[in-house]
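Okay, so here's the structure we're looking at.
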Amino acid sequence: MSSPPLSTHTDITHFEQPILHKNEGAFGQDGSPITVPDRQRQLGARERSGASKLRHDILCGVGEFAGTFLFLFMAFMGAQSAIYNRGVGESTLIKANDNETILYIAISFGMSLLVVAWAFFRITGSAFNPAVTFALWLVGGCTARRAAGVIFAQMLGGIAAAGTAKGLTLGPFGVANRVAPGISYGQAWGVEMFTTGLLVFTVLMLAAEKSRTTFLAPVGIGMALFIGHIASIGWTGAGINPARTFGPDVVNGSFVGYTWLYYVGQMSGSLVATVLYVLLKNLDYQGVVGEIDVDHAASEGLLISAPMARAFSMFPGVHMKHAVRDVGVEHEDASRKV
């Protein structure tokens, strides 16, 4: 008698996922059958990986809350100090529309972001801004779950920073974003879009794009925020960050009818910056000026092939190629002697 065919049944778990028995058609990369213990080990590894990702998501959220709080707290303290001190002895608080106050506030925000972002750079990546987090999610820098958690933490950090700064300072808390008289909604939207776009694009190019100078990204990012404040404080109060706009409004309990304008402008600026970044990546922007992170030999080759080097090589006894290499050798010899 011929033997009956092998059974090909499966066991169904609670979530309708089949678990194959030994020698029932499941094979690993090496051709060996995947047994029940093998599958259980794989499932265990996936569970551990999922738990690890969740733990990292929580850590990232906590870090972004702390970083956003410190960044905005220091910035709010500096801005409130500038506004209050300009109004000492006056019956009403002077608005931040004079050049000295604008510069002081811009420095407060720019330097605060530079220092705090550098401190948290290896912990969370130092976004501290929902518009930046949104852009990082769009380019695949983080998962949707992490992005949602981080944005929630950043908004809470903005509220906590505003509340703490208001409690520790005197006078009306005057750091809320407001459109200057005479500025239309379209103008305010454009100001917020371009200034936020500059900041987001700087983050993508200096932090998301990894290079030998990535550790210096907080410097460029802080300077981008400084420039954005210089350009927009007099017109919109320099939002550039949904958490920065939201916090003071919550603490003051005052939401103007055009508050939505800030969030639309900031997120549209983030979207524009992301589109530009992705476009440049797809067009292979590295091929235009060449790799920035090149070693000495590669940079030497570029210099040798330069038009000026070829022109000098036309003269007898002048060889730019050897001259460049000799300079390199001299530097190496000097470093060895030291």
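The values are calculated or read from the model by the stated rules, or taken from the named source; none is laboratory data. Not measured: the values here are computed from a predicted model. Neighbour counts are summed over all protein chains in view; Cβ atoms, including those assigned to glycine, are modelled from backbone coordinates with ideal geometry. Side chains included, ligands, DNA and RNA excluded: accessible areas come from the protein's heavy atoms. Shrake-Rupley method; radii C 1.70, N 1.55, O 1.52, S 1.80 Å.
Looking at THR124, is it in a helix (DSSP H, G or I) and in contact (Cβ under 8 Å) with a residue 40 or more places away in the chain?
So THR124 fails the test.
So that you can scan it fast, the table gives a plain yes or no per residue for (1) at pLDDT 85 or above; (2) open to solvent by less than 40 Å² (accessible area, probe 1.4 Å); (3) in contact with a strand residue (DSSP E or B) (Cβ under 8 Å, 6 or more places away or on another chain); (4) not in a helix (DSSP H, G or I):
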| residue | (1), (2), (3), (4) |
| --- | --- |
| ARG41 | no, no, no, no |
| ARG46 | no, no, no, no |
| SER49 | no, no, no, no |
| LEU54 | yes, no, no, no |
| ASP57 | yes, yes, no, no |
| PHE65 | yes, no, no, no |
| GLY78 | yes, yes, no, no |
| LYS95 | no, no, no, yes |
| THR101 | yes, yes, no, no |
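Being open to solvent by 30 Å² or more (accessible area, probe 1.4 Å) and without any contact (Cβ under 8 Å) to a residue 24 or more places away in the chain narrows it down to one residue among GLY141, GLY167, GLY149; which is it?
When all the criteria are applied, what remains is GLY167.
What is the residue count in segment 141-161 for residues that are under 14 Å from ILE58 (Cβ atoms) and assigned to a loop (DSSP other than H, G, I, E, B)?
Total meeting the criteria: 2.
Does SER108 fit the bill of being over 22 Å from VAL264 (Cα atoms) and in a helix (DSSP H, G or I)?
Here the answer is yes, as SER108 does meet what is asked.
Taking only segment 170-196 into account, find how many residues are in a loop (DSSP other than H, G, I, E, B), open to solvent by 30 Å² or more (accessible area, probe 1.4 Å) and β-branched (Val, Ile, Thr).
Residues flagged as in a loop (DSSP other than H, G, I, E, B), open to solvent by 30 Å² or more (accessible area, probe 1.4 Å) and β-branched (Val, Ile, Thr) within segment 170-196 amount to 1.
Of (1) farther than 20 Å from LEU276 by Cα; (2) open to solvent by 10 Å² or more (accessible area, probe 1.4 Å); (3) at pLDDT 95 or above; (4) among the hydroxyl-bearing types (Ser, Thr, Tyr), THR236 satisfies all except one. Which?
(2)
Restricting attention to segment 250-266, does a residue exist that is open to solvent by less than 60 Å² (accessible area, probe 1.4 Å), of a type in the set (Gly, Ala, Ser) and modelled with pLDDT under 95?
yes
Out of (1) over 27 Å from SER254 (Cβ atoms); (2) open to solvent by less than 10 Å² (accessible area, probe 1.4 Å); (3) assigned to a loop (DSSP other than H, G, I, E, B), the odd one out for ALA135 is which?
Going through the list (1) over 27 Å from SER254 (Cβ atoms); (2) open to solvent by less than 10 Å² (accessible area, probe 1.4 Å); (3) assigned to a loop (DSSP other than H, G, I, E, B), ALA135 breaks only (3).
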